[in-house]
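Below is one structure, written out as structure tokens, with a few remarks after it.
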Amino acid sequence: MDSPLADIAVELYTGSPAEFVSARNARAVEADDAGLAAQIRDLKKPSVAAWVVNVFAHERAAQLGEALQLAEELREAQADLDARALAQLGRDRRALTSRLAADAAALAEARGQRVTASTREAVQQTISAAFFDPTAAAAVASARLVRELEPAGTFADIADTLVGGGAPAPPAISPTPVDEVRSRRERRDAERAVREAQKAHDTAAREAATADRALRDAAVRIEALTRRERELEADLAKVRHEAKRAREDAEEAEAEQESLAQRVRESEEHLRTAEDALDRLTTG
């Protein structure tokens, strides 16, 4: 439960920016407790970007809460992702912060506040910081933010300077059911198995293609050396020796090609097994 000061701070930090000082002073006068009145007077006026975020956090708490919960789950999952998946995750995260910033700006403009491009960028950076840092997430969710946040910052040691009305409590994020956590873990394991199987298959396929080229090259050499054998009777002994070596190379390449072809077949079976497992988890 928030303190009386925190409740008053939310009211002030989501009210009209132009009337902040007068509203703050009026609430201080209304306070029955002298200590509370002093604390109210000490509340700093929020920056425009912080005010935009506060209004959004207050009026779209459910939407913001879902986004912060998703961000927390993504932070936990990203350790299992490869470079390509991490890049996609980054793009998805930026797209989400952009949408939330646009919604926050639209909400502020509906209240008659002009939101410049630089303010909107600061709003997006602040929401992005909340996605990466739990302390920033708590500050954003409190609707008592005093200033915009840098996405690359760390805030655990300065939490009480980010907001007015006392350090923010962690955002209310519903715990993920155990069965859902297990299902997501199993799905990530299955996806990782598919990626590993695909990687092994691709490697085997590349090696098989190299062996095929070596076999074709050996066949060309055999044909050329055999032709020289017919044309250069004087050098017949030497040509026959080289042709014998070429045939041995061809046999070795053919044996290698057969071995790698078997690896390709085995990797394809492994890939199918992994994909079937993933399909069962996805449709199960």
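On a 0 to 90 degree scale, rounded to 10, what angle separates helix 20-30 from the longest Cα axis of the chain?
With both axes taken from Cα atoms, the answer is about 50 degrees.
In Å, what Rg and Dmax follow from the Cα atoms of the chain?
Using the Cα atoms of the chain, the pair Rg, Dmax is 33.2, 119 Å.
May I ask for the angle, rounded to the nearest 10°, between helix 61-77 and the longest principal axis of the chain, with both axes built from Cα atoms and the value confined to 0 to 90°?
Helix 61-77 sits at roughly 40 degrees to that axis.
Whole number in Å², please: accessible area per residue of the chain, 1.4 Å probe, ligands, DNA and RNA not counted.
Heavy-atom accessible area per residue stands at 59 Å².
With every protein chain kept in the model, how would you rank Val55, Val29 by accessible area, 1.4 Å probe, largest at the top?
So, going from the largest accessible area down, we get Val29, Val55.
Just from its helices, what would the mean residue ellipticity at 222 nm be for the chain, if runs of 4 or more DSSP H residues each count -39500 (n - 2.57) and the sum is divided by every residue, rounded to the nearest 500 deg cm²/dmol?
After summing the helix terms and dividing by the residues of the chain, the value is -26000 deg cm²/dmol.
Would you be so kind as to identify which of Leu232, Ala243, His270 lies farthest towards the positive end of the dipole of the range 228-271, taking Lys and Arg as +1 and Asp and Glu as -1 on Cβ and the Cα centre as origin?
Comparing the listed Cα positions along the dipole, Leu232 ranks first.
Considering only protein heavy atoms and a probe of 1.4 Å, how much of the accessible area of the chain is carbon and sulfur, as a whole percent?
Answer for the chain: carbon and sulfur cover 51 percent of the accessible area.
So who's got an amide H within less than 5 Å of the one on Val163, skipping anything under 5 residues away but keeping other chains? H placed 1.01 Å off N, in plane.
Those lying under 5 Å, H to H, from Val163 are Val146.
Could you check the spin-label model distance between Glu252 and Gln88? Points 7 Å from the Cα along Cα→Cβ, value in nm.
Taking the simple label geometry, Glu252 and Gln88 are separated by 4.3 nm.
Can you give the angle from 0 to 90° between the axis of helix 48-59 and the longest principal axis of the chain, with both taken from C-alpha atoms, to the nearest 10?
That works out to roughly 90 degrees.
The values are calculated or read from the model by the stated rules, or taken from the named source; none is laboratory data. Keep in mind that what you see is a predicted model, and the values were worked out from it rather than measured. Note that each Cβ is placed from the backbone with ideal geometry, even for glycine, and that neighbours are counted across all protein chains shown. Side chains included, ligands, DNA and RNA excluded: accessible areas come from the protein's heavy atoms. Shrake-Rupley method; radii C 1.70, N 1.55, O 1.52, S 1.80 Å.
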